[in-house]
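**Student:** Here's a structure for you.
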Amino acid sequence: MDHAADVPDVFDPRIYARGIPHERYRLLRERHPVARQAEPEIQGWPAGPGFWAVTRHADVVQVLRDHRTYSSWLGATQIRDPDPADLPFLRRTMLNQDPPEHGRLRRLVARAFTPARVDAFAARVRERARTLLAGARDSAEDGAADLVRTVTDEYALLNLTDLLGVPAADRALLLEWTVRIIGYQDPEDAPAPLLGPDGTPLNPRSPALLGEMFAYARELAAHKRAHPGDDVMTALAEAGLEPAELEMFFFLLTVAGNDTVRSAAPGGLLALAQHPDAYRRLAAGTVPPDRAVEELLRVHPPVLSFRRTARVDTELAGQPIRAGDKVVVFHASANHDERVFTDPGRLDLARTPNPHVSFGDGPHVCLGAHFARLQLRTLYEEWCTAMPAPELAGLPRRLVSNFINGITRLPVRVSGRPG
């Protein structure tokens, strides 16, 4: 049956610059929970064959957990098809692998990324939150500051580079690489894309554009072997990884590790600014901070979508799917599924249970979730202690992306008494 006429588009990255398209998601959940989406040419990026958009919570969880049916390895995990020549390269990272190969690499990096190592950075994370918030307040013009520029970008980046063990002089490189790779759909957030011989933009994840990052990863690993420290790169350098595996781990940790908090932190502060009653409950201590973090992640997941490829002919929510079809899960839609969340449009900082999928599910659940939660909880606690109730001082700007739920500007009033 052809439902194209009444199936809303949730592919075009420009839609997300206006906000998460909750009404479109609701219509899909209600009428077409596994909906065919066109994939037209946009902003120079070539057209694709289309995909199935999965919007209900139960179906999203099923796709993320069932790696035998829905593969990360076959076509990688971005909606847009990679150049076939790049696919073997992309499959080196555990993000684009399936068990059992995925499990071997995940166990290696998990030994470096332990909760104990993360928790050892808690005091440093808190001091950084205090310093950045004070700096934003002290340098504010007319009592307002762009929190992305003055607080959250630096907060996410510096916390990650501390954990990785990246020297202070090199930290700006990591932000540059992240912006290039994550913001590539946004003509304002990223530099102009490099074009291939056919005049189409080059995928920023292609080996041709990651050489600089990989060379740095090799140099840093060699430095850590000679000068070990209590950090993740030392642990990875000593883990016996193949050079290509180490490079891809550095790529994954640098980009995913940075952008998870870089996206979630301003999203949480924006939600609090838009819901002053919820903020007052948090600041008064009547809502547990850990629970508040989960609700803020539910309403502002850092990642909007992830792609899988069907290994075999199958059926999902009554919709036949053919082997080779792209199947894309939409996290923000699953997090607002009325079948799972009571009154999902309401920000309820005390919501429990809260089975959001903002960090994914199944074998690929976010490895850095513990570190992300620590940073978010700390930032919100320090805001409540030292800053006035968040109030928008202008319009936020969202990232043009159907992948990352980013905020690129967040003007907020920062002058006034705490509370």
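**Student:** Roughly what % of Cα-Cα distances in the chain sit above 32 Å, to the whole percent?
**Tutor:** So the portion of pairs separated by more than 32 Å is 35 percent.
**Student:** Regarding region 223-334, what's the average projected area of the Cα-atom convex hull, expressed in nm²?
**Tutor:** Working: hull surface 46.8 nm².
Orientation-averaged projected area of the Cα hull: 11.7 nm².
**Student:** Follow-up question, since we're still on this one. Per Stokes-Einstein, at 20 °C and 1.002 mPa s, what whole-number D in µm² s⁻¹ belongs to region 65-108, with the Kirkwood radius over Cα pairs as the hydrodynamic radius?
**Tutor:** 199 µm²/s
**Student:** Measuring with a 1.4 Å probe in the full set of protein chains, what accessible area per residue, in whole Å², belongs to region 72-174?
**Tutor:** Numbers: 4560 Å² over 103 residues.
Result: 44 Å² per residue.
**Student:** Turning to a different aspect of this structure: If packing is taken as the average count of other Cβ atoms within 10 Å, what order do 364-375, 247-258 fall into, highest mean first?
**Tutor:** Going by the mean number of other Cβ atoms within 10 Å, highest first, we get 247-258, 364-375.
**Student:** Dividing the convex hull volume of the Cα atoms of region 1-64 by its residue count, what figure in Å³ per residue is obtained?
**Tutor:** It is 110 Å³ per residue.
**Student:** Using alpha carbon coordinates only, what is the Rg to Rh ratio of region 288-419, with Rh defined as the Kirkwood radius?
**Tutor:** 1.04
**Student:** Further question: Around I404, which amide H atoms from residues at least 5 apart in sequence, or from another chain, sit under 5 Å from its own amide H, with H modelled in the peptide plane?
**Tutor:** Excluding prolines and chain starts, which carry no amide H, the hits are L304.
**Student:** Also, I was wondering about something else. By average Cβ neighbour count within 10 Å, what is the ranking of 400-409, 34-43, 315-324 from highest down?
**Tutor:** Highest mean packing first, the order is 400-409, 34-43, 315-324.
**Student:** Only bridges whose two residues both fall in the chain count here: according to DSSP, what percent of them are antiparallel, nearest 5? List each step's numbers first, then the result.
**Tutor:** On the way: 24 of 27 bridges.
Antiparallel bridges make up about 90 percent of those DSSP assigns within the chain.
The values are calculated or read from the model by the stated rules, or taken from the named source; none is laboratory data. None of the values given here were measured: they were computed from a predicted structure. Note that we place each Cβ from the backbone using ideal geometry, even for glycine, and neighbour counts take in every protein chain shown. Please note that ligands, DNA and RNA were not included when accessible areas were found on the heavy atoms of the full protein model with its side chains. Shrake-Rupley method; radii C 1.70, N 1.55, O 1.52, S 1.80 Å.
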